[in-house]
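Since every read-out is calculated from the coordinates, none of them should be taken as a lab result. All of these numbers come straight from a predicted model, not from anything done at the bench. Every residue, glycine as well, gets a Cβ built from its backbone with ideal geometry; the counts of neighbours run over all protein chains shown.
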Amino acid sequence: MSITVDGINKRFGKFQALNNVSLDIPEGKLTALLGPSGSGKTTLLRIIAGLESADSGQISFSGQDVTGLHVRDRNIGFVFQHYALFRHMTVAQNIAFGLDSLPRKQRPSKTDIQKRVRELLELIQLPHLAQRYPAQLSGGQKQRVALARSIATQPKILLLDEPFGALDAKVRKDLRRWLRNLHDEFDFTSIFVTHDQEEALELSDQVVVMSQGQVEQVNEPIELYARPASRFVFDFLGQVNVISGQVKQGSLSQGTAWVTLPGVQHKGDAQLYLRPHEVRLATAPVAHANLPLRIEAVSLIGSEVRVELRPEGWQSEGSDNIWEVGISHAECNSQRPTRGDLRYAVPQVGHLFTGNDAQPATVNWAEAELAPRVRLIS
Amino acid sequence: MKSQRWPLTKGRSKRVLPGFGLSLGVSLFFISLVLLLPLTGLVIEVSAMSLSEFWFVITDPRVVASYKVTALAALAASLFNGAFGLLLAWVLVRYEFPGKRLIDAVVDLPFALPTAVAGITLATLFAANGWYGQFLTKLGIEVAFTPVGIVVAMAFTSLPFVVRTVQPVLEELAPEDEEAAVSLGASDAHVFRRVIFPALWPALVTGVALSFTRSLGEFGAVIFIAGNMPYISEVTSLMIFIRLQEYDYAAASAIASVILLASLVLLFAITVWQARYLKRLEGR
């Protein structure tokens, strides 16, 4: 079932939670609603579910208008951040709840319900816990039970509100993978809400980035990361290093720092955005950039080494005035960066926002550097 | 060897918050002073009687009749309060309406009002020519000076017990539980029966039990409206009062000890049952 959200507005008192939101969720896809708290992502999910009603606008499932339909008639599965398991029921009773709630004519027989519960317990790999009470389960187990409960009535749409938000990192990772498999195995259209960009990028087929009650960008995870459409998306999706300054004669400068901008005609104010992996570190300035930075900290983050640097003689955008550069362990071993060392940032690829333009222009120094050499050889 | 293995033993037994000894001591002292000492007095008074004397006093037909009247009236009153108190708590927690604060405050009125005042007021209202009584009489219902009047007085004075025990539990009930149930397709009735009521059940039973035990001992409000006819509308606390007026302290104490025992056993049973029920929910 595809989901269409058309011109949804929602107000809580004076707060505009959703401002004319329109969205297409394709059938069978796993879509992430990503945004900071207060961006309206949970409200949107709850309106799609029917747990909340919109002030105006329309929700359709496969082209059928369900705006006025009560949540119990929408046949959706909904998973809550804090599980919302019924404390006084056993795991098996919890899972059977949806089937027990069916009107008598549609309700399967007792043995059929038991059989279905057993299948679901197998699916969530917890058949041995059928007679336990929720309070005796761990967080990850609870969320599996909640998932099993929500899909017991075989809904076509699965909605998850920060499903892993209350779990620790390891369990979260396992459950993510498990949810992805579950989604692929059954024919769901799923939407999950998260404020964790890593989770959104890793798990989903499509990411909807939201901010202040509006949709900022909709795209596949890889595209979204490579081509953010606005400053907000750029800032929100991972760490970013920014230098703002004046562009004159194809180069951006601020104080003593400068960087050439091959192929850029613009004059005036501009901001250059660089991802931590789009910057290398050198011990001396290079031909296309002079961005001196002093090392503040070197930390080992799993497979990568993160170097935090403070601009020397110029200012970075952002409150903390810090640049982050990711280098490999091999580079770290050969260069031995230490706190207090002076380094020069060497941009590889950057994204230039000029004036009030929402869309950035991509700047690629590697190509510009390479081009003359190729010509020389030929 | 031992000290090596358990180097933290000494530190472990230390409490983080100071003052445990003092606060517990003061609490126990006051409990002894206001609860245990009078109870001991009661027991001493009773123990002056022989067992057969004791049995004779507490099985006096008129007293036995009063047990029945008291217990049945208290049961009716507490069951009524169970239903009405639940409704009142529900309305106070679930809905916003003008005057909500006022109603919330009025619920405590039976606690604040002297029970004698409540009794006189109720008797006046329900008397054959009173505001309510004149209509009820036409319908052939007599409230004042009958056992029904006892139920009314008991229900009035013990209503806050149910409301005040159910209200906080209802407030803490996670809205997600209901949302989850509804999203699974459950009807409103099904949600109430299967999700909300089981969560309220322990608090409701406690409230009803408190209401019942309070009603067992109710005196002030009851005697004005009960009519106090022997074998028909005399409550046990009145029997205690009558024995006192006869300067028969031992008999008064004996009857009092019966009510006391009944209340204690009931409260203890409820506490044990509730602990078991909650244990399951909290997974210990």
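Shape class of segment B:50-282 from the alpha-carbon gyration tensor: oblate, with a/c at 1.5 or above and b/c at least as large as a/b.
Working note: 222 nm ellipticity from helices only, DSSP H runs with n ≥ 4, each -39,500 (n - 2.57), summed and divided by the residues of the protein assembly as shown, gives -14500 deg cm²/dmol to the nearest 500.
Each of A:K41, A:K156 was scored by other Cβ atoms within 10 Å of its Cβ. Listed from fewest to most, they are A:K156, A:K41. For segment A:67-80, the Karplus equation 6.51 cos²θ - 1.76 cosθ + 1.60, evaluated at θ = phi - 60°, returns couplings of 3, x, 7, 5, 3, 6, 9, 7, 6, 10, x, 10, 10, 9 Hz by residue, with Gly and Pro reported as x. Using only Cα positions of segment B:185-238, each an equal point scatterer, no hydration layer, compute I(q)/I(0) via Debye at q = 0.18, 0.19, 0.31 Å⁻¹ and quote the log10 values to two decimals. Cα-only, vacuum Debye calculation for segment B:185-238: -0.67, -0.70, -1.09.
Pairs of Lys residues in chain A that lie 8 or more places apart, or on two chains, and have C-alpha atoms under 16 angstrom apart add up to 5. For A:L160, nonlocal amide neighbours, meaning residues 5 or more places apart or on other chains whose placed amide H falls under 5 Å from its own, are A:V79, A:I191, A:F192, A:V193. Neighbouring Cβ atoms from other chains, within 10 Å of the Cβ of residues in B:172-182, number 6 on average.
Counting only other chain Cβ atoms within 10 Å of each residue's Cβ, the peptide A:72-78 averages 4.
Counting every Cα pair in segment A:105-253, what percent are over 22 Å apart?
Working: 5991 of 11026 pairs.
In whole percent, the share of Cα-Cα pairs in segment A:105-253 beyond 22 Å is 54.
Once the chain from A:S299 to A:E312 is taken as fully extended at 0.36 nm per residue, the excess over their C-alpha distance is 2.6 nm. Here B:F97 and A:A166 are evaluated by their C-beta separation; at R0 = 41 Å the FRET efficiency comes out at 0.75.
Using a cut-off of 10 Å between beta-carbons, work out the net charge of the residues near A:I59 (Lys and Arg +1, Asp and Glu -1, A:I59 not included). Don't skip to the end; give the middle numbers.
Working: positive: A:R74; negative: A:D6, A:D65.
It works out to a net charge of -1.
What percent antiparallel are the DSSP beta bridges of the protein assembly as shown, to the nearest 5? All intermediate terms of the calculation are to be shown ahead of the outcome.
Details: 64 of 82 bridges.
Looking only at bridges with both residues in the protein assembly as shown, the antiparallel portion is about 80 percent.
Which of the three applies to segment A:1-143, rounded, prolate or oblate, going by the alpha-carbon gyration tensor with a ≥ b ≥ c and a/c under 1.5 meaning rounded? Verdict is prolate for segment A:1-143. Inter-chain neighbour count for A:151-162: the average number of beta-carbon atoms from partner chains within 10 Å of each residue's beta-carbon is 1.
Applying 1/(1 + (r/R0)^6) with R0 = 45 Å to the Cβ-Cβ distance of A:S37 and A:E331, what FRET efficiency is obtained, to the nearest 0.05? Show your work: numbers first, answer last.
Numbers: r = 36 Å, r/R0 = 0.81.
It comes to 0.80.
The label point for B:S50 and the one for A:S22, both projected 7 Å from the Cα toward the Cβ, are 10.0 nm apart. Restricting attention to segment A:73-229, close to 35% of DSSP beta bridges with both partner residues there are antiparallel. Note on the protein assembly as shown: Rg/Rh from Cα positions, Kirkwood definition for Rh, rounded to two decimals, is 1.15. Backbone geometry of segment B:93-104 corresponds, through the Karplus equation with coefficients 6.51, -1.76 and 1.60 at θ = phi - 60°, to 3J(HN,Hα) couplings of 8, 7, 10, 9, 7, x, x, 4, 4, 4, 4, 4 Hz, x marking Gly and Pro. Cα centroid separation, segment B:169-216 to segment B:100-144: 29 Å.
Where the convex hull is taken over the Cα atoms of chain A, what is its projected area averaged over directions, in nm²? List each step's numbers first, then the result.
Details: hull surface 98.2 nm².
The directionally averaged projection comes out at 24.6 nm².
Which shape class, rounded, prolate or oblate, goes with segment B:28-113 when its Cα gyration tensor gives a ≥ b ≥ c as root eigenvalues, a/c under 1.5 marks rounded, and past that a/b bigger than b/c marks prolate?
Oblate, since a/c reaches 1.5 and b/c is not below a/b.
Here the simple spin-label model places points 7 Å from the Cα toward Cβ, and for B:L109 and B:V205 these points are separated by 3.3 nm.
Stokes-Einstein diffusion coefficient for segment A:239-377 at 37 °C in a medium of 0.692 mPa s, Rh from the Kirkwood formula over Cα pairs: what value in µm²/s? Provide the component values of the computation, followed by the final result.
On the way: Rh = 15.5 Å.
Result for D is 212 µm²/s.
Separation of segment A:79-149 and segment A:1-41 by C-alpha centroid, Å? The two parts, judged by their Cα centres, are 29 Å apart.
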